[in-house]
Each structure stands twice: as C-alpha cells, then as structure tokens.
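Notes follow the structure.
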Ligand code: BMA
C-alpha cells in the first residue's frame, strides 16, 4: 500500500476559469495567506492575449465560496515598469513580522527574460512597487518573514545560459529588501535521470517549524513526452538558513489526476502558497497551468518522512 502524504480535496479543482468573473484563458499558480479568519489567494490569471496578471480570491473555509475580484487586482504596469511588458506571474506572499506588511515576490516577464520583482501591501488595496530585485533570468523567489543579523533573506533561482550547468536554488541577503547580495547556491538540481535533474525552484515560501524551515520545491524532469513538474522537501537551519539539514530523495507530490495531467502545460503541479493550521498544511497548487487544486498534509508526517528520506544523511 502506497501511503501518500498529500491528500487532494474531493472538490478539486477548487478554482477554474469558469469561476473568474471576466473573460480570461486560465487561472493557476496562486500565492496564499491567512489574514484574520479568511484565506486569501493571489492567483495568476492569464488573459486571452497570453499575458498574466494577479487577481485576489478570498474564502472563509479555504475550499469553496470564493469571493473573487471582479477585475484584475494587480495588472502589469509596463509604462512605469517596462520589465512587466509580458506580464506578472507566480506570486509568493510572506508576512514580514517586523514591518507588519505583506511582501509579494513575483515574476515580471521582461523583454530580457523573466526576473524577480517585489510589491508590499497591508490590505491588498494599496500596493508599493519596489520594481525588479533580481535581473533576468531569475524566478521562483520567496522571502523569509524575519531578518538574519539585520538582513532580509530571499530564496531565488537564477538560470545560467551555459548549457549543462543546471538551474539551482540560491539564497541572498539584503539590508533593505531592494539591494541584494551575498548570493550562494543553497540546493542544486540533481543530474542524470533524477526527478529533479532538469531544474529546481522553491514553490511556496519557507514554512517555520520547530525543526527548521520546511522547503517545498519543484523539480523538473525532461522525458521523451515532455517535462514533468513534481515536488520534493528540504529543511533549512532556523538559526542559519544557509545550512541545508535535509533534502528528500523521492518526490512527495506528482501530477496524477486528469486536471494535473492535461491542460495548457501537461503534467504540472506548481504551488506558490501553503497555509499551516495547527498540524495541518493546506497546499494551493496550479494544475497543468490551467486551474487551482488544494491538497492537505500533516506537518509532523511530512517532517518524519523527510527524516526517513533524507538524501543528505550518511546512512
Ligand atoms: C515554470 C513557471 C510556472 C509554470 C511552469 C510550467 O517555469 O513559468 O509558472 O507553471 O513553468 O509551465
């Protein structure tokens, strides 16, 4: 008997294009945050030109009765921010504890390739745009909610143009959220036939647990019939997130249901947000670049499984 750690909601997909109150092509990869007693999803919506914007949905139970903005919540603004010319995608939301602000890292699709931009807000109505914080090609960025030695920390994923060098997860630090340095590789894509050999990137933001920052990352495998996006786990030291304590050998979640297998991009599960409720984790993930699914896991079980499947342990 295979014991799956993530359980899909029977109502999946919980949000699809028919739920969007205006004409668009697809809705997927959503950032997630719990504020007061509601769950907010900042969803990537691709319009019928192929350009993405972000639209907010909110719900009390986080499963159904989503109240969705009647118009895009954050549109690309290429007049002032030319790097947003081909859209804004894949938001990750983090509550910055000291500033009491939400920080949203997202992909701006520029003429020079995708890059990382940052917006802060306290209410999802007024937004402060920081502009680009990482040059292209870079995406899959998420902040930590606290500072380390006075510096903010961010995970990101630059891509080298040199063939065969892979696309790895990096970490960087900043005194002010705008200027980033001290970059170093954190987790490397594996090689050969591994499930996470082609490229990897962080999926939702790091989740604080007693044992460390839990990282859920996507790994891409290239196959004869195209690419497969799957998810694996890692754990970073709470005191110094540059130290990787554990990394799973196997993936923990993979496309399986038809709405994950078939869509605008087949065989993709791509979460940008998760929410912890006591010992439960609610994972919101884009399915085949077409709709949004929800899966639940037990946090203690995830940590236990990661210990058993830690490819960094000597055993
Ligand atoms: C990645 C990102 C995601 C997308 C995935 C599969 O590079 O662009 O937004 O879901 O590819 O197409």
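For the chain, set up a Gaussian network in which alpha carbons nearer than 10 Å are linked by springs, and say which option among 67, 83, 98 fluctuates the most. Largest GNM mean-square fluctuation: 98.
Modelled spin labels at residue 188 and residue 207, positioned 7 Å past Cα toward Cβ, are 2.8 nm from each other. A straight line joining the Cα centroids of region 126-180 and region 264-285 runs 21 Å. Site pair residue 126 and residue 298 shows an inter-label distance of 4.5 nm when each label is modelled 7 Å from Cα along Cα→Cβ. Relative to the compact-globule estimate of 2.2 N^0.38 Å, the Cα radius of gyration of region 270-315 comes out at 1.42. Only helical runs count toward this figure. For the chain, summing -39,500 (n - 2.57) over DSSP H runs of n ≥ 4 and dividing by all residues gives -1000 deg cm²/dmol at 222 nm. Can you tell me the FRET efficiency between residue 70 and residue 101 if r is taken as the Cβ-Cβ distance and R0 is 25 Å, rounded to the nearest 0.05? Between residue 70 and residue 101 the formula returns 0.45.
Its Kirkwood hydrodynamic radius, worked out from the mean inverse distance over all distinct Cα pairs, puts the chain at 19.4 Å. Applying 0.36 nm per residue to the separation of residue 256 and residue 3 and subtracting their alpha-carbon distance, the gain on full extension is 89.6 nm.
Calculated FRET efficiency, residue 165 and residue 225, Cβ-Cβ r, R0 25 Å, to nearest 0.05?
Calculated value: 0.50.
What residue among 276, 125, 11 shows peak mean-square fluctuation when the chain is described by a Gaussian network model with Cα springs under 10 Å? Its mean-square fluctuation being the largest, the pick is 125. For region 179-315, the Cα-based Rg and Dmax, in that order, read 15.0, 43 Å.
Laboratory data are not the source of any read-out in this text; all were calculated from the coordinates shown. What you see is a predicted model, and the numbers here were worked out from it, not measured in a lab. For neighbour counting, all protein chains shown are included, and Cβ atoms are generated from backbone atoms with ideal geometry for every residue, glycine included.
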